[in-house]
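The structure under discussion appears below in the form of structure tokens.
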Amino acid sequence: MKEYRGKSVFEGIAIGRLKIVRHAEKNMTIRCGTPEEEKAKFFAAREKAAAELRRLYTSARTTLGEEGAEIFNMHAVMTEDGDLEESVLAGIEKGESAARAVEEAGFALSQNFIRMEDEYMKARAVDAIDVADRISDYILGKTDAPIDLQEPVILASSDFTPSEVVRLDKDKVLGFVTAFGSENSHTAILARTLALPSVVNTRDSIDVDFDGGLCVVDGFSGRVIVGPDAETLADYEAKKRETDEAGLRRRALIHEVSATSDGKKLPIFCNVGSTEDVKRALAEGCEGIGLFRSEFLYLESDDFPDEQRQYEEYSRAAKLLDGKPLIVRTMDIGADKQAPYFSLPPEENPALGLRSVRICLKRPEILHTQLRAVYRASADGNVSAMIPMIVSLKEVRRVREMAAKVRRELKSERVPFDERMQIGIMIETPAAALIADELAEEADFFSVGSNDLIQYTLAADRQNPELEEIADPHHKAVLRLIRRAAECAHAAGKWVGVCGELARDPELTEFFLACGVDELSVSPPYVLPLREKIRALSAKSADADRFTR
């Protein structure tokens, strides 16, 4: 028996045979042409790689949802990286083949990431390797074979590329173990998306002699045990039975109402990025969609999606929900979500730059088209619109003026829509929370975007584990801002929801109840655990002061 320890990225117990995935080296012994010929090979392969990544993005949204699929959009952008191109062309000029130059450039770029202090950026090293491999594969004419799985197994490797994971037979994966990576790595993101017990960054690779042997992954403690003895195996089998039984108990709650023991309802909605995500959320018992990420329509397109394309997507989602709420967040392009045809200028700090509603107000035709599509979809279900990144009353008023114009147009065109459709805003900046009393007079509802609110309030990159102590989601400043937003919304007769990581935090459910939060929106795997938590609480005894004093 041998034990490894790493970082748990999804709770649960996995017990099964171990399959160690080894990555073979490529045969780079190919004829090298003239520099012009090799450059042509590179540019042609890069174009094919980018097109394939866009296709993967579209297909991955079906199996992995928007968060998992976003990896491939980021990779498509990385194929155009200026440093990568410059390094490849320099290598070709030195007499290297295009394939060799790409591999070396990808490795150099990965080393740049690894040397960074920010752990999130370190985790991008595997992305550089994956992108370079994809381009060089096209140069070499190499086809990418998926990992062959004959039975359900626990997969172990140094790390897995997103391309490998997306092609896996998900029914035959019990969990992941990686020697490298972090909770921000794509293996970790995909493990959470697939709800698989997984451990990353064990630092030591599992000895190949254990390939095919029995393995235990403890997603609670971060332990990985290979070749467990009889006593250890029996203990974990008992623990797995307990967790499986708890899961079954939660499944019994799938059609129940999310309400406390004394009858206070706190509906659980889901954050999604496609109609396929809506199906997954409904299968987990969600009571509505609290955040429909519309930007995927922009990210998967080569040009601005037209009104009809958007309407069809929103309408399909609304019809799937059959009367349950669908809240469409207007496009959140900018920062880490880039679409080349927007032609956004380079920025030193994109998170604080031109993004979301700021783009829409500078280029109102974008929001005008989207609002028309959302209003049209409101005739097909319970649809609302939600505006992100609001910091001023002026912004809300400008959006509402545009919405009024859209309503007038649709009326004159005799296009059906719900004239009472709500337009809410996201509270994800301290500015918005501090003037929430004014904003509540103009907005129909609030949704607290907790991920960005934490980041902007505490001036701490939430992706950087070195700042974990500072980026504290339970920080009194953050909770006081949320409480203020809720109080201002209710004082104006409006409702308030919370989305993001905070919404699924069981330690804060009582706080949200005490603040009178009207809805929580989480990723689909967290709906039933959160419903179980809510049903165990009493609204009358919930105390917000103990969290904020």
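The values are calculated or read from the model by the stated rules, or taken from the named source; none is laboratory data. Keep in mind that what you see is a predicted model, and the values were worked out from it rather than measured. All Cβ positions, glycine included, derive from the backbone under ideal geometry; neighbour counts span all protein chains shown. Heavy atoms of the whole protein, side chains included, go into the accessibility calculation; ligands, DNA and RNA do not. Shrake-Rupley method; radii C 1.70, N 1.55, O 1.52, S 1.80 Å.
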Task: Any pair with Cβ under 6 angstrom, 6 or more apart, that starts in the stretch 458-481 at a residue that is farther than 20 Å from residue 349 by Cβ and among the basic types (Lys, Arg) and ends at one that is open to solvent by less than 60 Å² (accessible area, probe 1.4 Å) and at pLDDT 85 or above - done: 476/548; 480/548
Open item on the list: Suppose we filter the stretch 526-541 for residues that are over 14 Å from residue 265 (Cα atoms), in contact (Cβ under 8 Å) with a residue 24 or more places away in the chain and either over 25 Å from the mean Cα position of the chain (by Cα) or open to solvent by less than 40 Å² (accessible area, probe 1.4 Å) (or both); how many remain?
Closed with: 2
- [ ] Could you tell me which residue of the stretch 468-492 is farthest from residue 449 (Cα to Cα), considering only residues that are part of a helix (DSSP H, G or I) and among the β-branched types (Val, Ile, Thr)?
- [x] 478
- [ ] Report the residue count in the stretch 468-513 for those that are farther than 26 Å from residue 422 by Cα, of a type in the set (Val, Ile, Thr) and buried (at least 23 other Cβ atoms within 10 Å of the Cβ).
- [x] 1
Task: the stretch 318-341, residues that are in contact with a Gly (Cβ under 8 Å, 6 or more places away or on another chain) and at negative phi - done: 318, 319, 321, 324, 325, 326, 327
Task: the stretch 4-47, residues that are modelled with pLDDT of 90 or more, among the basic types (Lys, Arg) and either over 30 Å from residue 174 (Cα atoms) or assigned to a loop (DSSP other than H, G, I, E, B) (or both) - done: 39, 41, 46
Open item on the list: If I ask for residues that are outside any helix (DSSP H, G or I) and either at pLDDT 85 or above or surrounded by fewer than 23 Cβ atoms within 10 Å (Cβ to Cβ) (or both), which ones from the stretch 93-140 would you list?
Closed with: 94, 95, 96, 97, 115, 116, 117, 118, 124
TODO: Just one of (1) closer than 30 Å to residue 196 by Cβ; (2) at pLDDT 90 or above trips up residue 501, so point out which.
DONE: (2)
Open item on the list: Please return the ranges of helices (runs of 4 or more DSSP H) entirely within the stretch 157-274 where 2 or more residues are buried (at least 21 other Cβ atoms within 10 Å of the Cβ).
Closed with: 162-166, 186-194
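Condition check ((1) open to solvent by less than 20 Å² (accessible area, probe 1.4 Å); (2) out of contact with any Ser or Thr (no Cβ under 9 Å at 6 or more places or on another chain); (3) in a helix (DSSP H, G or I)) across all residues:
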| residue | (1), (2), (3) |
| --- | --- |
| 332 | yes, no, no |
| 365 | no, yes, yes |
| 371 | yes, no, yes |
| 385 | yes, no, no |
| 390 | yes, no, no |
| 394 | no, yes, yes |
| 402 | no, yes, yes |
| 414 | no, yes, no |
- [ ] Within the stretch 393-406, identify whether any single residue is in contact (Cβ under 8 Å) with a residue 12 or more places away in the chain and out of contact with any helix residue (DSSP H, G or I) (no Cβ under 9 Å at 6 or more places or on another chain), and answer yes or no.
- [x] no
Task: Enumeration of residues in the stretch 514-525 that are at pLDDT 90 or above, part of a helix (DSSP H, G or I) and open to solvent by 20 Å² or more (accessible area, probe 1.4 Å) - done: 514
Open item on the list: If I filter the stretch 436-445 down to residues being within 12 Å of residue 396 (Cα to Cα) and free of Cβ contacts under 8 Å to residues at least 60 places away in the same chain, which single residue comes out as surrounded by the fewest Cβ atoms within 10 Å (Cβ to Cβ)?
Closed with: 441
Task: Selection status of residue 516, out of contact with any strand residue (DSSP E or B) (no Cβ under 6 Å at 6 or more places or on another chain) and over 21 Å from residue 453 (Cα atoms) - done: no
Open item on the list: Pairs needed: first member in the stretch 491-509, among the hydroxyl-bearing types (Ser, Thr, Tyr); second member anywhere, open to solvent by less than 50 Å² (accessible area, probe 1.4 Å) and assigned to a helix (DSSP H, G or I); C-beta distance under 8 Å; at least 6 residues apart or different chains.
Closed with: 509/530; 509/534
Open item on the list: Which pairs turn up if I take residues in the stretch 15-39 that are over 13 Å from residue 142 (Cβ atoms) and look for partners that are outside any loop (DSSP other than H, G, I, E, B) and at pLDDT below 80 with beta carbon separation below 8 Å, at least 6 apart in sequence or on another chain?
Closed with: 21/164
Task: the stretch 320-342 residues that are under 28 Å from residue 381 (Cα atoms) and modelled with pLDDT of 95 or more, paired with ones that are charged (D, E, K, R) and surrounded by fewer than 18 Cβ atoms within 10 Å (Cβ to Cβ) (beta carbon under 7 Å, 6 or more apart) - done: 320/279
